[in-house]
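The values are calculated or read from the model by the stated rules, or taken from the named source; none is laboratory data. Keep in mind the model is a prediction, meaning the values are calculated, not measured. Virtual Cβ from ideal backbone geometry, glycine too; neighbours counted across all protein chains shown. We work out accessible area using only protein heavy atoms, side chains counted, and drop any ligands, DNA or RNA first. Shrake-Rupley method; radii C 1.70, N 1.55, O 1.52, S 1.80 Å.
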Amino acid sequence: MPKRKIELSEGQWAIMKAVWELQPCAAPTVQEALLKSRKWSYSTVRTLMDRMVPQGLLTTEKVRNLTLYRAAITPQQAQRGEVLYALKNAFNGALTPMVQCLLESNDVTPEQLAELEKFIQKKRRNPES
């Protein structure tokens with residue numbers, strides 16, 4: 001699958017998280033799941049979800065008079081898009097300052113550092129992976 005640019009708005013993130021958890025699901029199910037965090041009406045949720053279909057974020061399937069939605073992207077694809085957006089916009093594409101910022105602003109455990117070091121070593125051995 002070719003890598004394409006995925007950048008989600010805050011509202012799209014909320015919908016995608018609900019769909020990933022509930023799929024296949026109808027718009028009323030998503031609206032109910034988001035009711036506490038977002039006071040969106042059914043028509044707002046349905047409109048947003050319908051707009052996300054041609055964007056390649058959701059797919060639909062008609063079952064009688066019900067439209068079921070499924071995610072067309074994975075959480076990892078969405079996360080990658082978010083990170084690449086931040087890298088491009090907040091750090092002018094410079095990876096080192098971004099990683100430095102993340103490491104300095106979080107409580108990084110020794111286990112997490114070891115995992116990062118393993119990943120870096122693996123990437124050095126096989127840059128294509």
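Some points to look at:
- Using Cβ point charges alone (K and R +1, D and E -1), the dipole size of region 27-93 about the Cα centre works out to roughly 120 debye.
- Accessible surface computed residue by residue for the chain, with neighbouring protein chains in place and a 1.4 Å probe, gives 74 Å² per residue.
- Sorted largest first, the spans of the alpha carbon positions of the chain along the three principal axes are 53, 32, 29 Å.
- The chain: calculated mean residue ellipticity at 222 nm from DSSP helix runs of at least 4, using -39500 (n - 2.57): -18000 deg cm²/dmol
- Gyration tensor verdict on region 19-72 (Cα atoms; rounded if a/c is under 1.5, prolate if a/b is larger than b/c, oblate otherwise): prolate
- Percent carbon-and-sulfur accessible area, region 1-117, ignoring ligands, DNA and RNA, probe 1.4 Å: 54
- Cα→Cβ-extended label distance, 7 Å offset, between residue 109 and residue 35, nm: 3.7
- Packing around the peptides 102-111, 30-39, taken as the average count of other Cβ atoms within 10 Å per residue, puts them in this order, highest first: 30-39, 102-111.
- Selected from 106, 55, 40, residue furthest toward positive end of dipole (the chain; charges at beta carbon): 55
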